[in-house]
């Protein structure tokens with residue numbers, strides 16, 4: 001046997017065709033070790049990638065990618081896929097500026113036929129590819145790999161319902177990492193695979209029932225429990241079979257032999273849509289991940305021997321933690337306060353409240369649409385619901401925000417985490433659009449925290465606000481290090497604050513880039529330019545009196561926000577246009593995120609690319625005033 005690592009002989013999926021099953025098993029071990037080493041140096045989504053190593057090797061060995069289209073749901077489990085598809089040498093640039101994306105990305109490789117980073121899209125996309133094949137496009141088989149979390153979203157079932165109706169050949173692999181594998185599950189899957197290799201897939205249901213009937217009591221119960229995991233029904237056909245799919249499983253997703261046998265049998269015999277149920281372990285093969293509560297879903301750089309993750313050097317609390325603590329304090333005072341999350345209790349900080357008030361925190365799964373309307377129902381019944389969802393995911397529930405919340409003027413509180421650019425997750429996770437898509441809705445109050453102390457006050461403001469929907473946004477990462485108030489105090493609605501007074505120009509900041517505005521003003525002061533800095537606090541209702549005052553007493557006004565074009569700055573311009581403020585002859589600049597998607601890097605680098613650093617703000621002030629800085633002092637340009 002060659003001592004050369006199998007992985008060193010693989011430059012792409014075609015090389016897997018020359019490997020025997022034993023070599024494919026060795027390859028899986030080597031890929032797992034490579035993933036651990038890479039992520040220890042870069043950080044990223046470790047647990048989910050470790051859980052699909054054997055599935056990844058098996059799919060690429062059995063199918064013919066890229067002609068066959070492999071679509072990963074969400075994409076945070078795609079690191080083994082990237083290693084096997086010609087990107088191994090670049091993996092140390094994972095999630096870095098100019099490097100490999102942490103998700104699948106069409107522009108990165110022909111082996112990424114569909115980009116992803118939000119969940120539950122894979123079956124719809126795979127069905128689209130399958131129908132393109134039926135209509136003569138150069139597409140082979142289509143394979144969607146979706147997790148047991150992602151398949152809870154309604155979109156996945158909408159796609160399966162349509163796929164069953166169309167009846168075209170399509171493979172869906174359910175990567176189920178929410179239960180451990182007991183011996184009867186392995187025995188059942190082995191038996192099913194033997195049947196699959198000999199007969200049509202339609203025999204699998206009868207074979208499973210016959211096998212289960214002859215098992216001893218505890219083993220029979222275990223086998224049925226595994227099948228029921230994907231059905232919710234104690235007997236009869238699986239839900240997937242009712243939707244028109246042939247169901248295979250459950251199989252041990254870490255048994256290379258079972259994976260290969262199942263995929264080969266399914267590929268050889270399928271005529272319509274097939275669902276393969278693979279049971280896996282998140283974090284498989286790395287003990288610290290397997291034993292951690294979050295299975296090392298998302299990690300910073302870590303020691304590959306111990307699993308110890310690098311700690312932040314900042315002493316300032318994270319905005320998410322500040323929110324979680326402030327909401328828990330409010331909940332302790334008011335039993336009507338409840339919280340809703342869409343599969344992100346720790347990511348949103350609601351785990352803090354859940355530790356004290358578990359019965360008042362609701363995780364609806366990856367179902368933002370349901371979560372929003374669920375909160376609306378609670379509000380209509382007299383509770384004070386707080387819907388905590390990342391900005392990038394809140395988009396998924398927009399119709400419900402419009403129709404079920406705003407139209408009915410229900411007091412749902414939206415806590416919008418990850419506002420602005422978020423760093424290594426890149427464009428797919430940028431919180432760019434919530435200002436614009438919420439502030440244009442009647443009945444909404446829309447806020448943004450300028451710092452962590454203001455966030456505490458905005459939590460209190462939202463809880464006290466019973467006259468309609470209200471939202472407040474805040475960024476990922478640490479605050480600026482301010483002392484936090486013991487208790488939040490509701491803010492006067494639609495009123496901003498002035499933090500620094502000047503005479504030449506004014507910066508009106510909305511949100512957590514306030515510190516950059518203050519830094520810009522400080523640097524301009526050294527150049528002899530006196531700048532007022534105000535924190536708008538509210539995009540809706542606008543503090544029009546503050547805006548009018550700034551326009552009246554300064555030669556230039558610069559608005560600042562970490563949101564897309566059409567947000568806070570547009571609202572300010574709209575007010576000035578209607579009030580005659582534009583006729584004063586003052587120079588006005590609106591600083592927003594640029595009208596393009598910004599790829600992953602550090603947040604600092606991304607904001608530099610976006611033109612929103614303190615230097616950029618200072619430059620805009622100079623340009624608005626018609627002044628620039630030369631080595632000899634100020635000069636007019």
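Laid out as a table, the results:
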read-out: Identity of the residue in segment 337-366, touching a helix residue (DSSP H, G or I) at 6+ places or on another chain (Cβ under 6 Å) and assigned to a loop (DSSP other than H, G, I, E, B), that ends up farthest from residue 475 (Cα to Cα); value: 357
read-out: Hits in segment 555-576 (condition: in a loop (DSSP other than H, G, I, E, B) and in contact with a strand residue (DSSP E or B) (Cβ under 7 Å, 6 or more places away or on another chain)); value: 555, 562, 567
read-out: Any helices (runs of 4 or more DSSP H) falling wholly within segment 92-198 and containing at least 3 residues that are at pLDDT below 95; value: 154-166, 183-198
read-out: Of residues in segment 29-87 being assigned to a strand (DSSP E or B) and more than 19 Å from the chain's Cα centre (by Cα), the one farthest from residue 423 (Cα to Cα); value: 69
read-out: Those residues of segment 69-86 which are within 20 Å of residue 14 (Cα to Cα) and either in contact with a strand residue (DSSP E or B) (Cβ under 6 Å, 6 or more places away or on another chain) or surrounded by fewer than 20 Cβ atoms within 10 Å (Cβ to Cβ) (or both), in sequence order; value: 69, 70, 71, 72, 78, 86
read-out: Options 268, 289: the member that is surrounded by fewer than 16 Cβ atoms within 10 Å (Cβ to Cβ), in a helix (DSSP H, G or I) and out of contact with any strand residue (DSSP E or B) (no Cβ under 7 Å at 6 or more places or on another chain); value: 268
read-out: Considering residues of segment 577-631 that are out of contact with any strand residue (DSSP E or B) (no Cβ under 7 Å at 6 or more places or on another chain), in a helix (DSSP H, G or I) and buried (at least 20 other Cβ atoms within 10 Å of the Cβ) only, the residue modelled with the lowest pLDDT; value: 581
read-out: Unmet requirement for residue 455, which otherwise passes all of (1) touching a helix residue (DSSP H, G or I) at 6+ places or on another chain (Cβ under 6 Å); (2) surrounded by fewer than 20 Cβ atoms within 10 Å (Cβ to Cβ); value: (2)
read-out: The one condition in (1) in the same structural domain as residue 409 (by TED's automatic domain parsing); (2) surrounded by fewer than 24 Cβ atoms within 10 Å (Cβ to Cβ); (3) within 26 Å of residue 593 (Cα to Cα) that residue 469 fails to fulfil; value: (2)
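Every residue, every condition in (1) in the same structural domain as residue 459 (by TED's automatic domain parsing); (2) more than 24 Å from residue 298 (Cβ to Cβ); (3) surrounded by 21 or more Cβ atoms within 10 Å (Cβ to Cβ), yes or no:
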| site | (1), (2), (3) |
| --- | --- |
| 323 | yes, no, yes |
| 326 | yes, no, yes |
| 356 | yes, yes, no |
| 360 | yes, yes, no |
| 365 | yes, no, no |
| 376 | yes, yes, yes |
| 379 | yes, yes, yes |
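The values are calculated or read from the model by the stated rules, or taken from the named source; none is laboratory data. In this text, all values refer to a predicted model and were calculated from it rather than measured experimentally. Heads up, the Cβs are rebuilt from the backbone with ideal geometry, glycines too, and the neighbour counts pull from every protein chain shown.
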